[in-house]
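Student: First, the structure itself, so that you have it in front of you.
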Amino acid sequence: MNATTTRRTLLTCAAACALALPAIGHAQAPIVIKFSHVVAPDTPKGKGAQRFKELAEQRTGGRVKVEVYPNSQLYKDKEELEALQLGSVQMLAPSLAKFGPLGVREFEVFDLPFIFKDQAAFRAVTEGPVGAELFRKLEPKGILGLGYWDNGFHIMSANKPLHVVADFKGLKMRIQSSKVLDAQMRALGAIPQVMAFSELYAALQSGVVDGTEGVPSNFYTQKIFEVQKHITLSNHGHLAYAVIVNKKFWDGLPADIRTTLAGAMKDATTYANAIAATENADALEKIRASGKTTLYTPTAAELTEWKKALMPVHKEMEGRVGKATIETVYKAAGFVAPK
Ligand code: LMR
């Protein structure tokens, strides 16, 4: 090759590269997934979201960027579902108690008191045909379900001891937007009040509400234990999430990216489910160690009384969540009605 040919080759290459560059630059602009949620980063959900981000970004070689917005930074409970449908965010993980306003009432079956005896019972439902069927019901709303994340059992709190059912009489109790939770509080003689999670601490502190139910990881990270003198370890209800995406966004992703993200979500789900129990146990220990509140374990007789008051809610809610749905969940969960 003489000098002229070399120069010509280089020039041709430079021209071709210059042409190619904008295309490469364009291809490298990452796809952004905004993942909004309402709890602290240091919770099972917060850590699950972070794990998904890391796996997604690493496995797509940076072609996808996941921006996690915790603590209702972007949107509160109800707004976040609207934002997802509008495409302002692409991913959320609301609790199953928050799907009612979307018109998918069947999700509230998960709020029935004492329906799951343990984590395995819950997972037998979500990882089987019932879980898949519920996700199908979201599709006409423009939403796709990617995974269920467990977050353990609810405890109950107020500024007075909550040992027997009569202790709830007239108390204003904050609930998530589930009609089953509304019926549950009424069955105890309390007055339920739906409120966004982000408003809970201030509402308890100022006395807008008297008490709440929730899981230890949220009680700890939102400092609820600092404004509630008494906590009862009732484990009467269960908290879990559905990780959901805007369907149009998901369907519009390049196929290879979608497959990679589905894999990342599968692994993040395994991780979130694996840490839920220990994270909540650790949070409970930290609450105990703070000395700022009393932790009370109900006696067997007290629990029997709670169950007696609460089990009629299952029947009462048949019209809301569907008798067939309740029965399918009973069967999958191995539910045995308490005597
Ligand atoms: C609540 O509102 O109490 C919970 O759903 C918050 C959460 O997402 O854990």
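Student: May I ask you to derive the relative contact order of segment 61-142, considering only C-alpha pairs under 8 Å and at least 6 residues apart, and to give it as an integer percent?
Tutor: 19 percent.
Student: For every other residue with a beta carbon closer than 10 angstrom to the beta carbon of residue 209, add +1 if it is Lys or Arg and -1 if Asp or Glu, then tell me the sum.
Tutor: Summing Lys and Arg as +1 and Asp and Glu as -1 gives 0.
Student: Fully extended, how many nm does the chain gain between residue 270 and residue 28 (0.36 nm per residue separation, minus their Cα-Cα distance)?
Tutor: Additional length available on full extension: 84.1 nm.
Student: Go through segment 171-188 residue by residue and turn each phi into a ³J(HN,Hα) via Karplus (6.51, -1.76, 1.60, θ = phi - 60°); whole Hz please, and just put x for glycine and proline.
Tutor: Values per residue, Gly and Pro as x: 6, 7, 10, 6, 10, 6, 7, 10, 5, 5, 5, 4, 5, 4, 5, 5, 4, 8 Hz.
Student: What is the distance in Å between the Cα centroid of segment 115-191 and that of segment 53-101?
Tutor: So the two Cα centres are separated by 21 Å.
Student: Here is a follow-up. Calculated FRET efficiency, residue 133 and residue 248, Cβ-Cβ r, R0 25 Å, to nearest 0.05?
Tutor: The computed FRET efficiency comes out at 0.70.
Student: Expressed as a rounded percentage, what relative contact order does the chain have, with Cα pairs under 8 Å and six or more residues apart?
Tutor: 24
Student: Label-point separation (nm) for residue 256 and residue 294, each offset 7 Å from Cα along Cα-to-Cβ?
Tutor: Inter-label distance under the simple model: 6.3 nm.
Student: Hey, for a label at residue 308 modelled as a point 7 Å past Cα toward Cβ, could you say which residues of segment 134-172 have their backbone N under 11 Å away?
Tutor: Zone members listed by number: 165.
Student: Can you work out the FRET efficiency for the pair residue 201 and residue 233, with r the C-beta to C-beta distance and R0 = 30 Å, to the nearest 0.05?
Tutor: Taking R0 as 30 Å, the efficiency between residue 201 and residue 233 is 0.90.
Student: Once amide H atoms are placed 1.01 Å from N in the peptide plane, what residues at a sequence separation of 5 or more from residue 67, or on another chain, have their amide H within under 5 Å of its amide H?
Tutor: Close amide H contacts, sequence-distant or interchain: 33, 34, 35.
Student: Apply 1/(1 + (r/R0)^6) to the Cβ-Cβ distance of residue 194 and residue 164, taking R0 = 25 Å, and write down the FRET efficiency to the nearest 0.05.
Tutor: Efficiency, rounded to the nearest 0.05: 0.45.
Student: Considering Cα pairs under 8 angstrom that are at least six residues apart, work out the relative contact order of segment 144-205 and quote it in whole percent.
Tutor: Contact order relative to length: 27 percent.
Student: In Å², what does the accessible area per residue of segment 98-243 work out to with a 1.4 Å probe?
Tutor: Accessible surface, normalised per residue, equals 33 Å².
The values are calculated or read from the model by the stated rules, or taken from the named source; none is laboratory data. Since this is a predicted model, take the numbers as computed values, not measurements. Because the Cβ atoms are built from the backbone with ideal geometry, glycine has one as well, and the counts that use them run over all protein chains shown. Note: accessible area is taken over every heavy atom of the protein model, side chains too, but ligands, DNA and RNA are not part of it. Shrake-Rupley method; radii C 1.70, N 1.55, O 1.52, S 1.80 Å.
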